[in-house]
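Colleague: This is the structure I have questions about; it appears just below.
The values are calculated or read from the model by the stated rules, or taken from the named source; none is laboratory data. Owing to the predicted nature of the structure, the values given are computational and were not obtained by experimental measurement. Cβ sites come from the backbone with ideal geometry, for glycine too, and all protein chains shown count toward neighbours.
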Amino acid sequence: MILAVLAGAAIIATGCVHTVNDSHTGAIWFGNDKFEGRYNRSVDQVYNASVRVVSQNGALVSEFIPHDSTNAVRSLQASVNNRNVWIRVEAVSTSPEVTSVLVQARTHLGTRDELLAHELEKEIALALVR
């Protein structure tokens with residue numbers, strides 16, 4: 001009986017999570033797995049810094065422009081330390097020279113990895129300074 005209850009709780013706790021690049025992935029839904037940074041740089045500068053950081057730390061899986069947006073939004077998916085990473089770069093609507101970068105990281109089992117997401121977001125900030 002206890003095993004059945006635990007199995008039911010595990011099924012309820014897992015599900016689909018919305019990623020920052022407008023896709024879905026199977027994961028445990030609770031908990032914060034995203035970190036945002038805003039920088040006084042263009043979308044292209046922040047996106048190029050994101051690609052460099054991901055390439056230095058892991059492997060770039062895909063790059064794309066989400067289908068429901070303009071060229072002011074760019075996304076990528078990567079694999080870093082056997083973790084799935086999604087990064088979304090977009091212009092902030094209040095100022096054309098301010099760009100937001102949103103980093104999300106999850107393990108292959110679907111649990112969040114906020115330390116990796118935060119680390120990559122800070123590495124992007126450092127890459128913009130260099």
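Colleague: Within the range 75-85, work out how many residues are at pLDDT 90 or above and crowded, with 17+ Cβ neighbours inside 10 Å.
Modeller: Counting residues in the range 75-85 that are at pLDDT 90 or above and crowded, with 17+ Cβ neighbours inside 10 Å gives 5.
Colleague: How many residues are farther than 14 Å from Trp86 by Cβ, modelled with pLDDT under 85 and part of a strand (DSSP E or B) when one looks only at the range 27-72?
Modeller: Going through the range 27-72 one residue at a time, the tally reaches 1.
Colleague: Among the residues that make up the range 87-96, is at least one of them modelled with pLDDT under 90, touching a Gly at 6+ places or on another chain (Cβ under 9 Å) and surrounded by fewer than 17 Cβ atoms within 10 Å (Cβ to Cβ)?
Modeller: No, because not a single residue in the range 87-96 is modelled with pLDDT under 90, touching a Gly at 6+ places or on another chain (Cβ under 9 Å) and surrounded by fewer than 17 Cβ atoms within 10 Å (Cβ to Cβ).
Colleague: Evaluate the following for Val80: is it of a type in the set (Val, Ile, Thr) and farther than 13 Å from Arg41 by Cα?
Modeller: Details: of a type in the set (Val, Ile, Thr): yes; farther than 13 Å from Arg41 by Cα: yes.
In short, yes.
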